[in-house]
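Please treat every number below as a calculation from the coordinates, not as lab data. Just so we're clear, the structure is a prediction, and the values are computed from it rather than from any experiment. Note that each Cβ is placed from the backbone with ideal geometry, even for glycine, and that neighbours are counted across all protein chains shown.
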Amino acid sequence: MPGSDGGPRGPRPRPARLPARPAPPAADDVIAVIAPQHEHVKTLLEAVRQQTGDRRAAAFHTLRLTLALHETAEQQAIHPLALRQLGAHDRAANDRIAEEQTAGQTIRALELVKVDSDQFDATFGHLAASVTAHAAAEEADEWPALRQITDPPVINSMVEQMQAVSRLAADPAAPGIQATFTEMQEWARARLPSPPAP
Ligand SMILES: [Fe+2]
Ligand SMILES: [Fe+2]
């Protein structure tokens, strides 16, 4: 059957196109994975605050597991590389590691008290404030240093490390509500990808 122009109908020849070449990875790809995790942690902190009883215990479990994974991944693949960019004279990366260790101690103290006790409320208030300030400090002090990293294998390694956080947090075999924060950290260290080569 002829077309409107009288010619035969059929697919028009398309101009030859070169296959699209993926853009090289950029440090912003790492930030794009970490930023939603920081927002997720803030949501989890609020969930613990708003719940009571078993629901608060469940929300606290999700927060502990998420922090164990997120902070372990940062200690393996983010802080050492930020430190390398910033130089040994800059305290930013070391301060962030110290804050993560302090938060871990606070979480271990919280595991020893009932979730509906006044002591939990008071100590959790400190934890929430310090974890929020810690994330803001990473964003302000470390992320500018990360943005200077241009080596694609290093960037890919950082992205893989931080993407594994969300994947492992959803793993049905992840440590349950009875597990301690220390056990969650050990589980995270055993399953997160290898950190970027120094
Ligand atoms: Fe952190
Ligand atoms: Fe972080």
(request) Summarise the long-distance tail of P(r) for the chain by giving the % of C-alpha pairs beyond 20 Å. (result) 61
(request) Report, in whole Å, the centroid distance computed from the Cα atoms of region 19-47 and region 49-76. (result) 19
(request) Treating the angle as unsigned and between 0 and 90°, give the value, to the nearest 10°, between the Cα long axis of helix 92-110 and the longest Cα principal axis of the chain. (result) 60
(message) So if each residue of separation counts as 0.36 nm, and I subtract the Cα-Cα distance between Leu112 and Lys42, what length gain in nm does that give?
(response) 22.9 nm
(request) Can you tell me which of 35-41, 189-195 comes out highest on packing, and rank the rest after it, using the mean Cβ neighbours within 10 Å? (result) 35-41, 189-195
(request) Let me know the Kirkwood hydrodynamic radius for region 127-198, please, with Cα pairs as the basis and the value in Å to one decimal. (result) 14.4
(request) Report the label-to-label distance for Arg167 and Gln51 in nanometres (one decimal), using points 7 Å from each Cα along the Cα→Cβ vector. (result) 2.6
(message) Give me Asp90, Asp118 sorted ascending by neighbouring Cβ count inside 10 Å, so fewest comes first.
(response) Asp118, Asp90
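Can you tell me the FRET efficiency between Ala129 and Ala190 if r is taken as the Cβ-Cβ distance and R0 is 30 Å, rounded to the nearest 0.05?
0.45
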